[in-house]
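Have a look at the structure below, then the notes.
Bear in mind these aren't lab numbers, they're just calculated from the coordinates by the rules spelled out. Just so you know, these numbers come straight off a predicted model, no measurement behind them. Here the Cβ positions follow ideal geometry from the backbone for every residue, glycine too, while neighbour counts run over all protein chains shown.
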Number of protein chains: 4
Amino acid sequence: MLKPARDYPSFRAVVERGELVRVVGAHSALAAALAEQAGFPAVWASSLEISAMRALPDASLLSMNEYLRAASEMQKALAIPVVADCDTGFGNNLNVAHMVHEYEDAGITAVCIEDKAFPKMNSFSGSRHELVDVGTFCSKLTVAKNTQRTPDFFVIGRTEALISGIGVDEALRRCEAYEDAGADAVLVHSKWPTNKEVLEFLQVWRRKCPVVIVPTTYPKWNADEAFRAGVSVIIYANHALRTLISALQETYRVILREGNTLGLESRIATLHDVFELQRLEEWKSLQP
Amino acid sequence: MLKPARDYPSFRAVVERGELVRVVGAHSALAAALAEQAGFPAVWASSLEISAMRALPDASLLSMNEYLRAASEMQKALAIPVVADCDTGFGNNLNVAHMVHEYEDAGITAVCIEDKAFPKMNSFSGSRHELVDVGTFCSKLTVAKNTQRTPDFFVIGRTEALISGIGVDEALRRCEAYEDAGADAVLVHSKWPTNKEVLEFLQVWRRKCPVVIVPTTYPKWNADEAFRAGVSVIIYANHALRTLISALQETYRVILREGNTLGLESRIATLHDVFELQRLEEWKSLQP
Amino acid sequence: MLKPARDYPSFRAVVERGELVRVVGAHSALAAALAEQAGFPAVWASSLEISAMRALPDASLLSMNEYLRAASEMQKALAIPVVADCDTGFGNNLNVAHMVHEYEDAGITAVCIEDKAFPKMNSFSGSRHELVDVGTFCSKLTVAKNTQRTPDFFVIGRTEALISGIGVDEALRRCEAYEDAGADAVLVHSKWPTNKEVLEFLQVWRRKCPVVIVPTTYPKWNADEAFRAGVSVIIYANHALRTLISALQETYRVILREGNTLGLESRIATLHDVFELQRLEEWKSLQP
Amino acid sequence: MLKPARDYPSFRAVVERGELVRVVGAHSALAAALAEQAGFPAVWASSLEISAMRALPDASLLSMNEYLRAASEMQKALAIPVVADCDTGFGNNLNVAHMVHEYEDAGITAVCIEDKAFPKMNSFSGSRHELVDVGTFCSKLTVAKNTQRTPDFFVIGRTEALISGIGVDEALRRCEAYEDAGADAVLVHSKWPTNKEVLEFLQVWRRKCPVVIVPTTYPKWNADEAFRAGVSVIIYANHALRTLISALQETYRVILREGNTLGLESRIATLHDVFELQRLEEWKSLQP
C-alpha cells in the first residue's frame, strides 16, 4: 500500500526482456515518478541532473552519499528500477566496494561507473578528460562484481574513450576488457554530433554483453534504428533537467511581468494533480 | 568568487525597502537560482514543493532537518534571501527553539510558522485543520524571537484561521496577538476563490507589521492592487512545482512517442545553458 | 565479505529462540559492533543515546530521519538485528506509516513506539508525561502492522503508564489493548527504584505476547530472575552513553593534567585494535 | 541562551594568544562538549575517529559532507573552535574550493589538508603513502586561501613526508613551500616511535608560521617541552576513540557477565550527568 514494496523488477530483469530499454534521466523522486507514469521502464539518476539541482557543476563535487541519497529517494517512489550514475566509482577499489554496499543496501539494482580519473569533469564540458588505464578500471569492475551480495545487481562499465578523443578502436578494446572483467553491460559514450562513432563501434562489437548509449549530441537517431543497430539500452540523460530550466525561466518571468499568475493557471499542473502524485487520499485515509 | 559570500541582504532588509516584495516558491538550489535570475528579491522554500519533490504529501512527514537542508542548499546558491516555510515549528516551543538555532546557523534570515497543530496537513488538501490556541502559538513566536541571535532574523506568524473556516474576525484577533507576541510579519492564508477574505482582513488591519499573502486560489489579483490594499509581501508558493510537473510530463511523453529527442532540442535549455547556471568556467579556472 | 550481507537474523527470529534476549543500547555503528563482539544478540538504537551524542535533550528534537540514519549506520555494521527506539512514532498515523516504510527500507527489523504524546520528553527527566488515549495509540500500532511489507517486521508497543504515574492496572489495560491492536511485544517502562511495579505487572499479565523491560532504575534485578518472572527481553538502554561520558572525562582530564598521553597508553585500545574493528586489512586487500 | 551563539573565538584567535594550543580529537558533539568542559581550547574533528564511529576505515570512504556534518554538529555544541581534519581536500582544487565554501558556511574556522593523494589511507595503517607533488599541493593551499570569505579562516598545510619515509629535508622543503603558498600553519606528521624526526625538523625550521604536531607514536614528549622546542599546536588525535573502545568493551562485558548493571552504576556517569550535559533544565524552561 501507499508506496510500492521493494518488489520492483531489477534493472537486469528489465534488460533481459530482450526489448529495447529506454531510460530517462531524473533529478528527484517526483521527476522519477513522472517518468514511470509516462511509461519508461527505468530511470537514470544522472549525476549531471543531481549536481545541477544543487547549482553545482558535475565535477565530483557532490559525493557518493549525496548521489546515493538522490537515487535512493527516487527508488523509494518507484515500481521501476533506478540506474545510478556513479561517475568514476568515487575513487579507487575501496571506494567502489563501499559504493556497492551502500547502493545495494538502498535497494538500487544497477550502477554505472566510468573509466575517467577521479575527480571527473562532465563529458560535455569541453575539458580534457584523463582516463585511467584499462587494468585499473577492470580492477574496479571486478571488485564491484565481487562485492555485490544480490545476484541481480547490475554493473555497467562505461568508457569515455570517444569523449577523450582516443578513438573507436580504443573504445572497443576497453569495452571488451570491461566485459571480461565482469561488466554486465558496456556504455560507449560519444559527443560526436551524429551517431557515426557509435555506429562504427557497433559494427565491430561482437560480444554478448548489452551496449548502452547516451544520445545527447545525436538526438536525431531513432530508438528503433538504434536497437536494430545493436543498442540494448538508450539513456536520455539530461532532458528533464533542461526542460525544468526553460520551463521555470518562463514561469518566473511571467509572474514578474504579469503581476499575477492568472495566465499560468491553464498551462501548469493543478494542485489536484500535485495531490494525486503525492497519493494524498491514500495517506489521509490512515488518519480517521 | 564562485559563490556569493554570506553577504546577501537579510529578508528584513528586503522588506524594509518599503516596496512590494514578491517572493516565489522553489524546491531546489537550481530553481532558486533561476528565480533570482528572473529578478525576484527572495525565494520561498515551500514545504509543499519540497515534500512533493520527494513524492510525499505535505503533511509533516518530512522533518525539520530535511526542510532545513533544502532551504540551506537554496541559500548557498543565492545572493537573495530565502524565506523558509517552517510549518508549525515542528512541535512545541523546544522544537521552535531548536529550529531557530538550526536555521540561523544555516544562514537563513527568515522563517514562517503557522498556527496549525502538528502534524499539519497542506492547507489546500480539503482536510479539517485543527488550530492550536492563541496562547500556545504566541508562546512559540516569543520563544522564536527570544532564541534568535542575529538581530535581523525575521519570524512570520501565519494564521490558518481562514483555511480552517473560523472567519476573518478570528484571523484578525490572532494576527494581532501574533504581532504582540513578537512576529515580524503576519501571513493571513486564504483558500477563498477570490481575494474577498483577504480584503476584508486588510480593511480592518491597523497594525504596523507587514501583511503577507499567498494568492494560490485567487490568482487574478494583481500585485500592485494588493500592495495598494495593504499587502507587503506576496508569496507565489507552488507555481514552480506545478510548472515542473506539466513540463516534465510533456517531455517524457514526447521522448517515448517520437523515439528521439530531436523535436525537444529547440524547446528546452541547452547544455551550454546548464553549464552557465553551474558557473562551470569559473570552476574550471581553479584547476590549471 | 567485508560487511555482513543483509542476512542477519531478524529481531523476531532472535525472540523466537525462546531464550531471554538481552539488548544493549548503542549510539554509533562502532558501539553497536562492540556490543555484537561482546555477545549481545541485538542492539538498541536508543533515542537518549543518539540525541545525547548531539548534545541535545531526548525531547523529539532530533527527527525521524536522524534517528533512522543512526539506526541504519548501526545495522550496516552488524550481523545482529537493531531494535530502533522510535519514540512516539514521530507524530500521527501518517508519520507512523512513513516511519515503517523508511525503517524497513533501511533493513531494520524491529521498532518500538510508545504511548506518550509528541513531542515527548525523556522518561527519566522529571517531567509530567502526557499519554495519548488508548484508541489513538492502538490505531498507530495497527497502521504500523498494516504498513509493513516484510513478514518479520516486529513492532513493540511501549506504555509509559508507570512513568506517568497512572498505575499498574492502567499499564496492564493498555498493554492488552496494544497486543490486540497488533503489537508483537509490549514494553512496560518503569522508573520505580526497584522492580516492584514491573513484578506486579508480570504477576497479572496472562497474554502470550513477549514482555520487554528497561531496568535503568532497578539495576539490581538479575536477568535470569527477570526471565523466570516472565520477562522476554531486557534492554540496557543507556549504559554505553554513561560509560562514554565518564571515560572521556577521565581521558581528557589526564591529557591536560599530565601534559602527555603516556599514562593513557596502557589503559586504552591501541591503534591496532582500531584497525581490527575497521577490518582494515580486508579493505586494503581490495587495492593491489 | 541554550546554545552558544556563533561568537566563539576563531581558531586563529586561539593560536594568536601565543600560548601552546592543545587540541583534542572528538567524534561527536558530546565528546567535543566534554573536551571543552575539561578545558581544551579547541577540538580536532578527526577523520580517523569519525570514520571509526561508522565502523569504516579511515580511507577516504566517508565523503566530505559526512566529515562536514560531524564537524558541524560538534561546532554547534561548542564555545571553542573546531579544527576540521579534511584529509587531502577530497580531490583536486575544485573540491578544495567547494570544501572551503561548505566549512565556512558551517561556521568552522580552521581546516587541515594534507599532501597525500586521494583516496588516502590512514597514516598509521602500514600502507605505502603516495604524496602529490609540491606544486599540486601548493595550488590546493592557494585555492583554499583565495576561496575563503571570512578573514579569520585558517588553513593548516600538513605534510606526510615523514609518514611516507622521504625524510626530514623533504618535510622541510614542503612545509616552506606550503607556507609560501599561503598555509596559516604547517603540520609535520611523524610515526617515529620518539620525537626524533620532529625535533630534527624543528631545529631547522626558521619560518614564522606555527608548527603543529600529532604525537600519537611519541606519547612521552611533554607538552611544555614541545612548546619550548618550537611547537605551537599539539593535536591528541585519537585518544577519545581509543578510550571509547576499551570503556565500552568493559561495560558490555560486565553486563553480560554479571546479569545486571549494579556493579556499573558507581563507575559510570549518572542520568543526571547526562541531563546536565544536555542542558535539559534550560530546554524544559521553554515549555511552560
What is the sum of charges around C:Leu199, taking Lys and Arg as +1, Asp and Glu as -1, for the other residues whose C-beta is under 13 Å from the C-beta of C:Leu199? 0
Computed E for B:Glu282/A:Glu250 - FRET, C-beta separation, R0 30 angstrom, nearest 0.05: 0.70
Return the average number of partner chain Cβ atoms within 10 angstrom of each residue Cβ along peptide D:216-224. 4
Kindly identify the range A:52-93 as rounded, prolate or oblate by the Cα gyration tensor criterion: order the square roots of the eigenvalues as a ≥ b ≥ c, call it rounded if a/c is under 1.5, otherwise compare a/b with b/c, prolate if a/b is larger, else oblate. oblate
Mean ellipticity per residue at 222 nm, deg cm²/dmol - from DSSP H runs of n ≥ 4 across the protein assembly as shown, formula -39500 (n - 2.57): -12500 deg cm²/dmol
Across peptide A:122-130, what mean number of C-beta atoms from other chains lies inside 10 Å of a residue's C-beta? 3
Could you give each residue of the range C:64-76 its phi-based ³J(HN,Hα) in whole Hz, using Karplus coefficients 6.51, -1.76, 1.60 with θ = phi - 60°, and x for Gly or Pro? 3, 6, 6, 5, 4, 4, 4, 5, 5, 4, 5, 4, 4
With N residues in chain A, Rg(alpha-carbon) / (2.2 N^0.38 Å) equals 1.04
Could you go through the range A:77-91 in sequence order and give the Karplus-derived ³J(HN,Hα) for each residue, using 6.51 cos²θ - 1.76 cosθ + 1.60 with θ = phi - 60°, rounded to whole Hz, and x for Gly and Pro? 9, 10, 10, 10, x, 8, 10, 8, 6, 10, 6, 8, x, 6, x
Give the residue from A:Leu280, A:Val198, A:Ser232 lying farthest towards the positive end of the charge dipole for the range A:186-288; charges sit on Cβ (+1 for Lys and Arg, -1 for Asp and Glu) and the dipole is referred to the Cα centre. A:Val198
Which net charge results when you count Lys and Arg as +1 and Asp and Glu as -1 among the other residues whose beta-carbon is under 15 Å from that of B:Asp58? -2
A convex hull over the alpha carbons of the range D:89-201 yields, per residue, a volume in Å³ of 100 Å³
Inter-part distance where the range D:5-19 and the range B:37-115 are each reduced to a Cα centre, Å: 32 Å
Could you tell me how many degrees, from 0 to 90 and to the nearest 10, lie between the Cα long axis of helix D:168-181 and the main elongation axis, the longest principal axis, of the Cα atoms of chain D? 90 degrees
So for the range D:184-247, what percent of the C-alpha to C-alpha distances run longer than 18 Å? 34 percent
Residues with amide H under 5 Å from that of C:Ser123, placed H, sequence gap 5 or more: none
7 Å from Cα along Cα→Cβ at both A:Asn222 and C:Ser266: what's the point-to-point distance in nm? 8.4 nm
Quick check: from the Cα gyration tensor, does the range B:49-132 come out rounded (a/c under 1.5), prolate or oblate? oblate
Please go through the range D:252-288 and write out the GluC sites (Glu not before Pro) that DSSP classes as loop and that have at most 14 other C-beta atoms within 10 Å. D:Glu265
What ratio of Cα Rg to 2.2 N^0.38 Å holds for the range D:1-71? 1.23
The distance between the Cα centres of the range A:227-288 and the range D:227-288, in whole Å, is 50 Å
For an R0 of 60 angstrom, estimate the FRET efficiency from the Cβ-Cβ distance between B:Arg173 and C:Ala13 and round to the nearest 0.05. 0.55
Within 10 Å of each Cβ in C:231-240, how many Cβ atoms from other chains are there, averaged over the peptide? 3
Cα gyration tensor shape for the protein assembly as shown, rounded if a/c is under 1.5, else prolate or oblate: rounded
Binned Cα-Cα distances of the range B:148-225, short to long, each 10 Å bin given as a whole percent: 19, 51, 25, 6
May I ask you to list the GluC sites (Glu not before Pro) in the range A:88-130 that are in a DSSP loop and have at most 13 other Cβ atoms within 10 Å of their Cβ? A:Glu130
Please give the helix D:239-258 orientation as an angle from the longest Cα principal axis of chain D, in degrees from 0 to 90, rounded to the nearest 10. 30 degrees
